[in-house]
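Step one of this worksheet: look at the structure below.
Coordinate-derived values only; no laboratory data. On a predicted model such as this, the values are computed, not experimentally measured, just so you know. Cβ placement follows ideal geometry from the backbone for every residue including glycine, while neighbour counts extend to all protein chains displayed.
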Amino acid sequence: MPAPLEIDVASAAQLVRQGSALLLDVREPDELARVHIAGSKHLPMREIPARLAEIPADRHVLVLCHHGGRSGRVTQFLRANGLDNITNITGGIDAWARQVDPSLARY
């Protein structure tokens, strides 16, 4: 059964805490330098096509960007390339900082 197309930040955080999902951050390096979630894998959106092999097919992958737009496009791209274990995090790291971990910087 394929993973859901989208997930809210609270549910995503729970999956990450349980160790049952990989958090894939597709933001640019300068954004990552501002704020990131510990334990996430960083792969900028523009590098995804060339680095498909780095994305596990045997694990649930939660895709994160700033607000959810880029991660939504990455989710669609990865699913179109045969990965049905990919889920977009709605609201991105901005929503994560507001709802899950207020200690994270917002930009």
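Residue pairs whose Cβ atoms lie under 8 Å apart, separated by 6 or more positions or on different chains, with the first residue in the stretch 44-56 and closer than 16 Å to T75 by Cβ and the second loosely packed, with under 15 Cβ neighbours inside 10 Å and among the polar types (S, T, N, Q), are L52/N81. Against the condition surrounded by 20 or more Cβ atoms within 10 Å (Cβ to Cβ), of a type in the set (V, I, T) and in contact (Cβ under 8 Å) with a residue 12 or more places away in the chain, how does I37 come out, does it pass? Here the answer is no, as I37 does not meet what is asked. Within this structure, I89 passes the test of being under 12 Å from the mean Cα position of the chain (by Cα) and among the β-branched types (V, I, T). Candidates are the residues of the stretch 9-34 that are more than 11 Å from the chain's Cα centre (by Cα) and outside any helix (DSSP H, G or I); the one that is surrounded by the most Cβ atoms within 10 Å (Cβ to Cβ) is E28. Can A38 be described as closer than 16 Å to A97 by Cα, in a helix (DSSP H, G or I) and of a type outside the set (V, I, T)? So A38 does not fit the description; no. Of the residues making up the stretch 57-78, those that are free of Cβ contacts under 8 Å to residues at least 60 places away in the same chain and assigned to a helix (DSSP H, G or I) are G69, R70, S71, R73, V74, Q76, F77, L78. One residue stands out in the stretch 40-96 among those that are hydroxyl-bearing (S, T, Y) and surrounded by 21 or more Cβ atoms within 10 Å (Cβ to Cβ): the one that is nearest to Q14 (Cα to Cα), namely T87.
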